[in-house]
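Presented below is the structure to which this report refers.
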Amino acid sequence: MFLIPDSVVRFFHRLASPPHFYAFTEQLMPWLAAAFLLVTLAGLYGGLYLAPPDYQQGDSYRIIYIHVPSAWMSLFIYVIMAIAGAIGLIWRIKLAEIVAISSAPVGAGFTFIALVTGSLWGKPMWGTWWVWDARLTSELILLFLYLGVIGLYGAIEDKRVASKAVAILALVGVVNIPIIHYSVEWWNTLHQGPTVTKMDKPSIHVTMLVPLLLMALSFKLYYLIAMLQRARTELLRRERNSQWVRTMVVENEQ
Amino acid sequence: MTAQAFFAMGGYAFYVWTAYGIALLVLVANIVIPIVQRKQFLRRQALKQKRKVL
């Protein structure tokens with residue numbers, strides 16, 4: 001640990017304490033919200049107004065600015081959920097368990113958005129709402145994994161036990177992540193290949209790329225906000241019998 | 001570009017705006033739900049604590 005400054009270590013130690021986490025995230029929220037609004041407005045302005053129509057797809061391609069960032073987030077959040085779950089499983093850190101389960105609904109939301117916007121983009125471009133190809137099917141399985149995590153957590157009364165079960169399910173489901181990512185290369189598919197995350201130059205013009213990256217950042221900030229809101233609620237529920245929550249309940253009344 | 005042309009989205013208005021609308025709905029719901037649940041929890045917990053004190 002000699003590589004990490006003492007102040008940073010202390011910061012994370014304090015953050016792992018529930019009352020401190022609750023107070024700190026409350027202070028953090030307006031800053032996150034302001035940054036999110038700024039980046040989102042810039043991204044939408046660039047994507048819906050400034051960027052030119054696509055030479056093949058016309059204006060329909062503008063769905064990309066929510067479809068692709070949502071799809072990225074659906075994978076990103078799943079990995080975070082699995083890592084947080086593993087940390088909770090190994091070190092029994094309560095806040096890691098809470099971050100894991102609080103990520104699930106946000107990830108499910110993004111997976112749902114990716115599927116629906118993909119469908120709405122596929123209809124005018126491919127002529128069909130849905131095909132059972134590798135990319136679409138593996139993304140649908142991801143949605144079921146998220147819903148499975150949420151359902152499993154809700155079904156087990158003891159939330160410490162529930163967190164263990166959820167972490168194991170999340171970790172097993174990680175095999176689906178590379179399958180989704182490489183599905184467009186491994187199998188013949190209707191879905192187009194990656195345009196941004198290619199090893200050589202991205203095959204997208206900079207006026208289209210910048211808003212896309214802004215929206216990706218916007219959704220990252222959104223995830224932080226939405227996940228922390230869930231985490232704060234879940235933390236109160238779990239700590240309902242502790243002194244700091246009891247005091248807060250009384251203070252909240254006045 | 002006129003506002004009309006902007007909203008027409010080159011004839012793809014239905015697909016583009018439905019996609020953005022659904023995304024907005026899901027994203028707003030995922031913020032509002034936990035906040036409402038927290039308020040409900042605090043209200044219920046306040047009642048429970050009072051009952052125990054009395």
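Here, each number is a calculation from the coordinates, and none is a lab measurement. All of these numbers come straight from a predicted model, not from anything done at the bench. A quick note on method: Cβ atoms are made from the backbone with ideal geometry, for glycine too, and the neighbour counts reach across all protein chains shown.
Take every pair of alpha-carbon atoms less than 8 Å apart whose residues are at least six positions apart; their mean separation over the length of chain A yields a relative contact order of 28 percent. Among B:Ala19, B:Val32, B:Ala5, whose Cα lies farthest out toward the positive end of the dipole of chain B, if unit charges sit on the beta carbon of Lys, Arg (+1) and Asp, Glu (-1)? Most positive-ward Cα: B:Val32. For the protein assembly as shown, the extents of the C-alpha atoms along the principal axes are 70, 44, 43 Å, listed from largest to smallest. If a spin label sat at a point 7 angstrom from the Cα of B:Ala46 along the line to its beta carbon, the backbone N atoms of segment A:224-254 nearer than 16 Å would be those of A:245-254. For a paramagnetic label modelled on A:Leu50 (point 7 Å from Cα along Cα→Cβ), amide N atoms under 13 Å away belong, within segment A:23-43, to A:39-43.
Which residues in segment A:18-36 place their backbone N less than 18 Å from a point set 7 Å from the Cα of A:Ile93 along the Cα-to-Cβ direction? From segment A:18-36, the list is A:18-25.
Relative to one another, the C-alpha centroids of segment A:123-176 and segment A:227-254 are positioned 29 Å apart. Here the dipole of the protein assembly as shown is about 1480 debye; that uses its Cα centre as origin and unit charges on the Cβ of Lys and Arg (positive) and Asp and Glu (negative). The phi torsions of segment A:45-51, fed into the Karplus equation with coefficients 6.51, -1.76 and 1.60 and a -60° offset, translate into couplings of 4, x, x, 8, 10, 6, 5 Hz, rounded to whole numbers, with Gly and Pro shown as x. Note on chain A: GNM, Cα springs under 10 Å; of A:Ile168, A:Ile90, A:Ile66, the largest mean-square fluctuation is that of A:Ile90. Given their separation in residues at 0.36 nm each and the Cα-Cα distance between them, A:Val175 and A:Val131 gain 13.6 nm when the chain is fully extended.
In this structure, the pairs whose alpha-carbon distance is over 25 Å, taken from A:Lys159/B:Lys39; A:Lys164/B:Lys39; A:Lys94/B:Lys50, are A:Lys164/B:Lys39; A:Lys94/B:Lys50.
Working note: 222 nm ellipticity from helices only, DSSP H runs with n ≥ 4, each -39,500 (n - 2.57), summed and divided by the residues of chain B, gives -30500 deg cm²/dmol to the nearest 500.
Across peptide B:3-16, how many C-beta atoms of other chains are within 10 Å of each residue C-beta, on average? Across B:3-16, the average partner-chain Cβ count within 10 Å equals 5. From helices alone, chain A scores -26000 deg cm²/dmol at 222 nm; the rule is -39500 (n - 2.57) for each run of n ≥ 4 DSSP H residues, then divide by the residue total.
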